[in-house]
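Chemist: Here it is: the structure, laid out below.
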Amino acid sequence: VPMGVLSCVKHLMFIFNVLVSAGGTCLVGVEVWVAMDPAGFQDIVAAKPVLSMGACLLLAMGIALLLLGFLGCCRALRWSRPLLLV
């Protein structure tokens, strides 16, 4: 495989993982805003327990995406086999 192709794949993989990490950060930010807003969303979420559980699930998914994107960026920069397995 030519070296230019590997370099292109490395950069594309890094960009994709930055986007995944940014999506996870946005999801965590929105969920923290929903949890901390005393007037707006808290009344809606407190009224239905299903929405409260969904908010917790989305927060966990955002943290998982953030971690996965970060590990993917590290993997793209280092070409680390253990990070590839994660």
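Chemist: Hey, does region 54-77 have a residue that's open to solvent by less than 50 Å² (accessible area, probe 1.4 Å) and at pLDDT below 70? Outline the logic, then answer.
Modeler: Step one: of region 54-77, the residues open to solvent by less than 50 Å² (accessible area, probe 1.4 Å) are 54-55, 62, 69, 71-76.
Filter again for at pLDDT below 70, leaving none.
There is no residue in region 54-77 that is open to solvent by less than 50 Å² (accessible area, probe 1.4 Å) and at pLDDT below 70.
Chemist: Related question: Quick one: in region 36-49, of everything that is modelled with pLDDT under 75 and of a type in the set (A, V, I, L, M), which residue is surrounded by the most Cβ atoms within 10 Å (Cβ to Cβ)? Lay out the reasoning, then the answer.
Modeler: Step one: of region 36-49, the residues modelled with pLDDT under 75 are 37-49.
Add one more test, that the residue is of a type in the set (A, V, I, L, M), and what stays is 39, 44-47.
Numbers: A39: 6, I44: 12, V45: 19, A46: 10, A47: 9.
Checked region 36-49; the qualifying residue surrounded by the most Cβ atoms within 10 Å (Cβ to Cβ) is V45.
The values are calculated or read from the model by the stated rules, or taken from the named source; none is laboratory data. Just so it is clear, the structure is predicted and the values come from calculations on it, not from any experiment. FYI the Cβ positions are ideal-geometry reconstructions off the backbone, even for glycines, and counts take in every protein chain you see. These accessible areas exclude ligands, DNA and RNA; they are computed on the full protein's heavy atoms, side chains included. Shrake-Rupley method; radii C 1.70, N 1.55, O 1.52, S 1.80 Å.
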